[in-house]
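A quick write-up on the structure given underneath.
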Amino acid sequence: MLNYIRSELYRTARSRGFWMTLTVLTGLTVLLHVVLMLFSAKAPGFRYGNSSYAYSVLVSSPALFEAAGFLAACILYEADRRNGNDKNSVAFGISRTEIFAGKCITGLAAGTALMAVVLAVWAGCATLLLPQEGPVRLVHLLREAAAVFPSTAAALILGIVLLTLFEKSRNK
């Protein structure tokens, strides 16, 4: 089982989907904060050009974390049926239970890494680019991330379950 998890981690670390997702999410994060900074510089009465608003976007929308967890599962494991990864693992003698557990462990590790990097970029951009004012602080964002982590992990596992249940993906 440990060898299977290691191979899944290797595959995930070298998959283009993982790195593209990380690049897109961090790029959108930086873009959002740069736009907020530019608007606050050009329009002095702009109420949303502060770190409190940037933090509150995530604090007030915990469903974004769950959607990101589900998206991570879809990106990591959508092509498994099409590429025959599961058939190869079963033919090698790994049980389907071990495959599912390995995918869950690997998905949680990859999803946690994605979440940590995006949150670090989010907090860094909000701290460096925007003035520190307003009621919502970085500690609120970190508490929110810790609070929604179990439901995000559940959404990721649900994504893996649904992808396992559906036999084939749509190839067009």
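The values are calculated or read from the model by the stated rules, or taken from the named source; none is laboratory data. Predicted model, so just to flag it, every value in this text is computed and none were measured. Note: ideal-geometry Cβ built from the backbone for every residue, glycine included; neighbour counts use all protein chains shown. Heads up: the accessible areas ignore ligands, DNA and RNA and are worked out on the full protein's heavy atoms, side chains in. Shrake-Rupley method; radii C 1.70, N 1.55, O 1.52, S 1.80 Å.
Being in contact with a Leu (Cβ under 7 Å, 6 or more places away or on another chain), more than 20 Å from Tyr10 (Cα to Cα) and open to solvent by 30 Å² or more (accessible area, probe 1.4 Å) is a property that Glu78 lacks. Leu163 fulfils the conditions (1) hydrophobic (A, V, I, L, M, F, W, C); (2) at pLDDT below 90; (3) part of a loop (DSSP other than H, G, I, E, B) except for a single criterion, (3).
Can you tell me how many residues in the range 132-167 are surrounded by fewer than 13 Cβ atoms within 10 Å (Cβ to Cβ) and not hydrophobic (A, V, I, L, M, F, W, C)? Going through the range 132-167 one residue at a time, the tally reaches 6. Every condition in (1) loosely packed, with under 13 Cβ neighbours inside 10 Å; (2) in contact (Cβ under 8 Å) with a residue 12 or more places away in the chain holds for Gly49 except the one numbered (1). Scanning the range 79-128 for residues that are of a type in the set (S, T, N, Q) and either at pLDDT below 85 or touching a strand residue (DSSP E or B) at 6+ places or on another chain (Cβ under 7 Å) (or both) gives Asn83, Asn85, Asn88, Ser89. Within the range 15-55, the set of residues being part of a helix (DSSP H, G or I) and over 16 Å from Leu129 (Cβ atoms) comprises Arg16, Gly17, Phe18, Trp19, Met20, Thr21, Leu22, Thr23, Val24, Leu25. Residues in the range 26-50 that are at pLDDT below 95 and touching a helix residue (DSSP H, G or I) at 6+ places or on another chain (Cβ under 6 Å): Phe46, Gly49.
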